[in-house]
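Single-structure report; data block below.
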Amino acid sequence: MKANVREAGDVSIVDLKGKITIGSGDVQLREVINGLVDKGKKNILINMEEVTTIDSSGIGELVGCYTSVTNKGGKLKLLHLPPKINDVLTVTQLITVFDVYDSEPEALATYAA
Amino acid sequence: MSLSSRFENIELAQHLCGKLLEGREVPEETRHWLLMALREALANAIKHGNRQDAAKRIHLEMDVVDENLQIRIRDEGEGFEPSQVDDPLAPENRLKTSGRGIFYMKTFMDDVRFQRVEGGGMEIVLTKNLGSAKESAKEKEGKRT
């Protein structure tokens, strides 16, 4: 998995690419998000558009990241969920936990609200 | 076949399962989800079964009989009690970072069975009826047209 972080105002946008699966990307995801939290970043938007595969381990890390950010008083939201990842979140009812957006400007605007 | 307890071998097993399905007109959607179930079962066996012990092996058999794909995975670990696994949909478990693998297997396959193996280890058997998957895909296609 590759992760690129860019800033848009006070929101850190994390563009993920590739697989978030056990032994390949799951721990890396946690490290990237924890790194941002340690730097005091509270608003994080994860762009999933180029994530090709996710498994239960990757989903678990995503949930862990959500909890870490929320516990620090921040907001972690998801952008551009591929349909199959949407399905994986839906069957475990996690889709109700995350705020998910299809448009980056729309997602960014919600942090200001 | 027998695999070492490394996560990299999950990709190899998925590739071989994909080869087994070639020419059987399995809908892409079905193929995707059953390969995910295979991934989850192997990850479970490697991580929780063999605890990534390099000395322990994962035993894998895959076959298609009468349109039924059957995947049999055996680890050399201590085993576990499937009924003791938490329900990931329960509100108190929803934000846990683990415990969804078996749920995904059961969601994406027709049948999932666990059994302790004499002499140690746990065996999981995943079954998917490819014929009904094809029929279901045809019905969906028919509704679209």
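Applying the selection to segment B:21-50, what residues are away from every other protein chain (no Cβ under 14 Å) and without any contact (Cβ under 8 Å) to a residue 60 or more places away in the chain? Residues satisfying the conditions are B:GLU22, B:GLY23.
A:LEU16: at the interface with chain B (Cβ under 10 Å from one of its Cβ atoms) and under 28 Å from B:GLN14 (Cα atoms), yes or no? Criteria not met by A:LEU16. Looking across segment B:116-140, the residues that are on the phi > 0 side of the Ramachandran plot and surrounded by fewer than 18 Cβ atoms within 10 Å (Cβ to Cβ) come down to B:GLY119, B:GLY120. When each of A:VAL37, A:VAL11, A:VAL27 is tested for being of a type in the set (Val, Ile, Thr) and within 26 Å of B:MET36 (Cβ to Cβ), the lone residue that passes is A:VAL27. Would you check if A:ASP87 is out of contact with any Leu (no Cβ under 7 Å at 6 or more places or on another chain), in contact (Cβ under 8 Å) with a residue 12 or more places away in the chain and within 11 Å of chain B (Cβ to nearest Cβ)? In short, no.
Condition first: aromatic (Phe, Trp, Tyr) and either under 11 Å from the mean Cα position of the chain (by Cα) or outside any strand (DSSP E or B) (or both). Now tell me which residues in segment A:73-113 satisfy that. Hits for segment A:73-113 are A:PHE98, A:TYR111.
Against the definition (within 12 Å of chain B (Cβ to nearest Cβ), farther than 24 Å from B:MET36 by Cβ and not acidic (Asp, Glu)), how does A:ASN43 come out, yes or no? No. Note on segment B:107-145: residues that are among the charged types (D, E, K, R) and either in contact (Cβ under 8 Å) with a residue 12 or more places away in the chain or within 22 Å of B:ASP66 (Cβ to Cβ) (or both) amount to 10. Using the structure shown, decide if B:PHE114 is in contact with a Pro (Cβ under 6 Å, 6 or more places away or on another chain), closer than 26 Å to A:PRO83 by Cβ and of a type outside the set (D, E, K, R). No, not satisfied. The residues of segment A:63-81 that are more than 9 Å from chain B (Cβ to nearest Cβ) and aliphatic (A, V, I, L, M), listed by number, are A:VAL69, A:LEU76, A:LEU78, A:LEU79, A:LEU81.
For segment A:90-110, give me each residue that is β-branched (Val, Ile, Thr), within 14 Å of chain B (Cβ to nearest Cβ) and out of contact with any Pro (no Cβ under 8 Å at 6 or more places or on another chain). Residues satisfying the conditions are A:THR90, A:VAL91, A:ILE95, A:THR96, A:VAL97.
Within the set B:ASP86, B:ASP75, B:ASP66, B:ASP53, the sole residue that is within 13 Å of chain A (Cβ to nearest Cβ) and out of contact with any Pro (no Cβ under 8 Å at 6 or more places or on another chain) turns out to be B:ASP86. Taken over segment B:1-29, the criterion of being closer than 15 Å to A:THR53 by Cα and crowded, with 18+ Cβ neighbours inside 10 Å is satisfied by B:PHE7, B:ILE10.
Of all the listed residues (B:ARG113, B:ARG100), the sole one being among the basic types (Lys, Arg), under 22 Å from A:ILE95 (Cβ atoms) and either surrounded by 20 or more Cβ atoms within 10 Å (Cβ to Cβ) or more than 14 Å from every other protein chain (Cβ to nearest Cβ) (or both) is B:ARG100.
Laboratory data are not the source of any read-out in this text; all were calculated from the coordinates shown. Worth saying up front: this structure is predicted, and the values here are computed from it rather than measured. Please note: Cβ atoms are built from the backbone with ideal geometry, for glycine as well, and neighbour counts cover all protein chains shown.
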